[in-house]
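The values are calculated or read from the model by the stated rules, or taken from the named source; none is laboratory data. Only a predicted model underlies this, so the values are computations on that prediction, with no experimental measurement involved. Cβ coordinates were reconstructed from backbone atoms using ideal geometry, including for glycine residues, and neighbour counts include every protein chain displayed. Ligands, DNA and RNA are stripped out before the accessible areas are found, and what is left, the full protein with its side chains, is counted by its heavy atoms. Shrake-Rupley method; radii C 1.70, N 1.55, O 1.52, S 1.80 Å.
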Amino acid sequence: MTTHYTSCPLCEATCGVVVETDGAQVVSVRGDDDDAFSRGYICPKGTALADLHHDPDRLTRPLRRDGSTWREMGWDEAYDHVATQIREVQRTHGKDALGIYQGNPTVHNLGLVTIGQLALRTLGTRNMYSATSNDQLPHMLAALQMFGNQILMPVPDLDRCDLLICLGANPLASNGSIMTAPDMRSRLKAIQARGGQVIVLDPRRTETADRADHHLFIRPGTDAVLLLAIAHELFARGEVRIGRIAPHVRGEAELRRAAEAWSPARAAAITGIAATEIQRLAHLLAITPRAALYGRIGVCTQEFGGLAAWLVYAINALTGHLDEPGGLMFTTPALDPLPLANRLGYDGGFARWHSRVSHRPEFGGELPMSALAEEILTPGKGQIRALITCAGNPVLSSPGGPKLEQALAGLDFMVSIDPYLNETTRHAHVILPPPSPLERSHYDAALNAFAVRNVAKYSPAVFERAADARHDWEILAALWARLRVPKLGRKLAERALLKFGPEGILDAALRLGPWGLRHGRAGLSLAKLKAAPHGVDLGPLSPRVPERLGGHAVELAPAIYLADLPRLDRRWARPANGLVMIGRRHLRSNNSWMHNSERLVKGPPRCTLQIHPDDAGSRNLVDGGTATVATARGQISLPVEVTDSVMPGVVSVPHGWGHNRNARLRVANANPGESVNDILDPALTDELSGTSALTGQPVEVSCPTT
Ligand SMILES: Nc1nc2c(c(=O)[nH]1)N[C@H]1C(S)=C(S)[C@@H](COP(=O)(O)OP(=O)(O)OC[C@H]3O[C@@H](n4cnc5c(=O)[nH]c(N)nc54)[C@H](O)[C@@H]3O)O[C@H]1N2
Ligand SMILES: Nc1nc2c(c(=O)[nH]1)N[C@H]1C(S)=C(S)[C@@H](COP(=O)(O)OP(=O)(O)OC[C@H]3O[C@@H](n4cnc5c(=O)[nH]c(N)nc54)[C@H](O)[C@@H]3O)O[C@H]1N2
Ligand code: SF4
Ligand SMILES: [Mo]
């Protein structure tokens, strides 16, 4: 038996795990008690790393599709074929005829964060897409507008706050997001144990709400209204106290004017939260020395996600909780891309160009996912004719799945870098599978930048990858060399990339970074991290304003948000009626792709419609029966769960299901569920940022037999 230490790459919590192996067999996966950050915690998905590694459905060789049959091929043959096809499309139809989609596991994969980005972002196309626009884009936009760079998203200083107000997040199921901290349950409990409180605002009484001190139902999509009313109240009561960072803050008067029209009484009618409760929230934030208002995916993947994400940061600033211990703080990651970005003058950028068909704004060099299908389907100059997908399953993860499938089926060429033949990759002409997470080294290059403590940990691969396997980054380096380097220097360029590798980049970045050479012999390097298999704790977050902002002020009232306020006003001039849909995450699930693990999917079906008893009764729906959920895009039928844990007027269906499309996923196909993204409308977005409105879309629910 051999013992290995690594980290789980499945969610943002970055838990340390101990993997015991016997030859090629994983014997056990458990939490690493000595991990500097996670101290032994793991969730059920961590254990399922073994299932992933030994999954007989996981691909190990390149596959090429002929009609509906697949055959294996060699790596060099596959690389040459893929490069030829892409080169041909770009030569005939222009560089932008290549589309690229990058999915969520990218950020958990050192090779994809480093060499993968270098390769994919230099293929000459503006048709770049990713899961960002179904996720955290509004937070990144707020960071850009308010602090000067898209990566400057502050995180709650969870271990020191005495009040956590949680808006549109369910960390007890998701394990936290843009708030990397393993073992949420203990950390939230600790807030209560030190006399503090946790307040949750959510249209569903979630796992987190159940353990909070106070839960308030909020009507989906109304967070911007609530937050404006909180700002209104703070100004009206003279409770604005920016504190230490005040000399670096601008826009207070403009923000005050913007909030004037939004009294708590007006907001109460829209949000469903009583005016007295709104006033209490404002007051609590104002009087609690160590408090954080934290907003996450429910706040940003909605019609007013841009405004809401801005206001979350702004209210923290107004109440003296930005850049203060116990509030929202900036991190100092050991691998810190910010100085390089500043030197290159790269802040992320917004609306520098727009999509061809629907005129959606570019962000961070990417276009929103709401534009992908139409950019493939609409003829004309700049039409996408070839597509690379890497670590993503947009057929299930993006609103408008069926239209996207239709678009994928019509492409001249598609290649997917993915370990599975799934709902998306089955449309590819070639699939290039990377090895399992246990076969690659690990460093949380992206997530450490959003961790509630500064930490660093490097882990070598548990198993060496097989001689005839290729890492994601090796695949992309090979394709990049074939596509971007003239024939003569190609072999050399590829060899240089392979030799340097992600470890080369990591080591250089650690040495040049804030915890590196400048600390002399104590400084971090790859060698230092290799000698600390449980990771290095670099301590709690520290105040970083103004240095971290590189000369930028904290802007409380950026112009793009002020210009978007009339849209909010118009939207809520008419009262809301009818049912709206929200999503739901489950601890034993992970977006669309961990459903092939028996141990995770067993038990009662989880892809159900949750509906309030009043709404069920008026539609003759019974618990355990079936409901039809319809939008203008189509309909799905699901088992019903009648529960007062969802607010009246709201129904909840989780995403990532719908494994009924001939994928090679035996376990998942046996528990298919339905894909909520089949009926969500991709055209419904936050018009400001282009982010998909995954939550708050109107639906009709009925009983199939009536
Ligand atoms: N309705 C609704 N839709 C949503 C959401 C929602 O809340 N509601 N959430 C959105 C969010 S936040 C996100 S992030 C997206 C996620 O959307 P996606 O990133 O498109 O989808 P995932 O389900 O994460 O699928 C990950 C894919 O990566 C593959 N994969 C796993 N590990 C690796 C690896 O190491 N390398 C490579 N090359 N491939 C790998 C898996 O096999 C799978 O195909 O979904 C979004 N969609
Ligand atoms: N187990 C598990 N963990 C995961 C994932 C997973 O699929 N499964 N996915 C990972 C990914 S990619 C991400 S991005 C993170 C996301 O992490 P979180 O942001 O914590 O995501 P959710 O658990 O979906 O919580 C969002 C909450 O917002 C609520 N909500 C919906 N609409 C609104 C609204 O309009 N206003 C307000 N205030 N609330 C609303 C929902 O009811 C839900 O409880 O989780 C990550 N972790
Ligand atoms: S919480 Fe679970 S899925 Fe997330 S890193 Fe930890 S063990 Fe992995
Ligand atoms: Mo996400």
* Structure fact -> Residue pairs qualifying under the 9 Å Cβ cut-off, at least six apart or on distinct chains, with the first in segment 536-552 being of a type in the set (Asp, Glu) and the second being exposed (fewer than 13 other Cβ atoms within 10 Å of the Cβ), are none
* Hey, can you tell me all the residues within segment 376-429 that are of a type in the set (A, V, I, L, M) and free of Cβ contacts under 8 Å to residues at least 24 places away in the same chain? => 409
* Among all residue pairs at least 6 apart or on different chains, which show Cβ distances below 6 Å where the first residue, located in segment 579-601, is within 15 Å of residue 57 (Cα to Cα) and the second is in a strand (DSSP E or B) and within 16 Å of ligand 4 (Cβ to nearest atom)? -> none
* Structure fact -> Of (1) open to solvent by 10 Å² or more (accessible area, probe 1.4 Å); (2) within 13 Å of ligand 1 (Cβ to nearest atom); (3) touching a helix residue (DSSP H, G or I) at 6+ places or on another chain (Cβ under 7 Å), residue 419 fails just (3)
* Pick from segment 647-691 the residues that are outside any loop (DSSP other than H, G, I, E, B) and of a type in the set (Ser, Thr, Tyr): which of them is nearest to residue 372 (Cα to Cα)? -> 685
* **In segment 583-614, residue nearest to residue 669 (Cα to Cα) [restricted to those that are near ligand 2 (Cβ under 8 Å from one of its atoms) and among the basic types (Lys, Arg)]** => 588
* Asked: Taking segment 317-362 only, how many residues are among the polar types (S, T, N, Q), at pLDDT 95 or above and either in the same structural domain as residue 150 (by TED's automatic domain parsing) or within 20 Å of residue 551 (Cβ to Cβ) (or both)?
  -> 3
* Asked: Which of the residues spanning segment 110-120 are within 19 Å of the chain's Cα centre (by Cα) and open to solvent by 10 Å² or more (accessible area, probe 1.4 Å)?
  -> 113, 114, 117
* To do: Answer yes or no as to whether residue 261 is part of a loop (DSSP other than H, G, I, E, B) and open to solvent by 10 Å² or more (accessible area, probe 1.4 Å).
  => yes
* Asked: Within the group 178, 270, 191, 230, which residue is outside any helix (DSSP H, G or I) and of a type in the set (A, V, I, L, M)?
  -> 178
* Structure fact -> The residue that is nearest to residue 176 (Cα to Cα), considering only those in segment 400-430 that are assigned to a strand (DSSP E or B) and touching a Pro at 6+ places or on another chain (Cβ under 7 Å), is 417
* Asked: Of all residues in segment 460-488, which are open to solvent by less than 30 Å² (accessible area, probe 1.4 Å) and free of Cβ contacts under 8 Å to residues at least 12 places away in the same chain?
  -> 485
* Which one of 224, 246, 212 is free of Cβ contacts under 8 Å to residues at least 12 places away in the same chain, more than 16 Å from ligand 1 (Cβ to nearest atom) and either open to solvent by 20 Å² or more (accessible area, probe 1.4 Å) or out of contact with any His (no Cβ under 9 Å at 6 or more places or on another chain) (or both)? -> 246
* Tell me, yes or no, whether segment 620-631 has at least one residue that is more than 16 Å from ligand 3 (Cβ to nearest atom), open to solvent by 10 Å² or more (accessible area, probe 1.4 Å) and touching a Phe, Trp or Tyr at 6+ places or on another chain (Cβ under 7 Å). => no
* Of the residues 10, 49, which is within 16 Å of ligand 2 (Cβ to nearest atom), out of contact with any strand residue (DSSP E or B) (no Cβ under 7 Å at 6 or more places or on another chain) and outside the structural domain of residue 595 (by TED's automatic domain parsing)? -> 10
* Structure fact -> Apart from one, (1) away from ligand 2 (no atom under 15 Å from the Cβ); (2) surrounded by 24 or more Cβ atoms within 10 Å (Cβ to Cβ); (3) not in a loop (DSSP other than H, G, I, E, B) all hold for residue 283; the odd one out is (2)
* Asked: Among (1) more than 11 Å from ligand 3 (Cβ to nearest atom); (2) out of contact with any strand residue (DSSP E or B) (no Cβ under 8 Å at 6 or more places or on another chain), where does residue 20 come up short?
  -> (2)
* To do: Sort out for me the helices (runs of 4 or more DSSP H) sitting completely within segment 1-96 that have 3 or more residues that are loosely packed, with under 13 Cβ neighbours inside 10 Å.
  => 75-93
* Complete set of residues in segment 114-137 that are within 11 Å of ligand 1 (Cβ to nearest atom) and in a helix (DSSP H, G or I) -> 116, 131, 132, 133, 134, 137
* Every residue from segment 297-312 that is within 16 Å of ligand 4 (Cβ to nearest atom) and open to solvent by 10 Å² or more (accessible area, probe 1.4 Å) -> 297, 298
* Quick one: which of 140, 146 is assigned to a helix (DSSP H, G or I), open to solvent by 20 Å² or more (accessible area, probe 1.4 Å) and either of a type in the set (A, V, I, L, M, F, W, C) or more than 8 Å from ligand 2 (Cβ to nearest atom) (or both)? -> 140
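Rundown of residues vs (1) hydroxyl-bearing (Ser, Thr, Tyr); (2) within 19 Å of residue 686 (Cβ to Cβ); (3) open to solvent by 10 Å² or more (accessible area, probe 1.4 Å), yes/no style:
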residue: 336; (1), (2), (3): no, no, yes
residue: 345; (1), (2), (3): no, no, yes
residue: 366; (1), (2), (3): no, yes, yes
residue: 370; (1), (2), (3): yes, yes, yes
* Asked: Looking only at segment 9-24, which residues are of a type in the set (Gly, Ala, Ser), within 16 Å of ligand 4 (Cβ to nearest atom) and over 13 Å from the mean Cα position of the chain (by Cα)?
  -> none
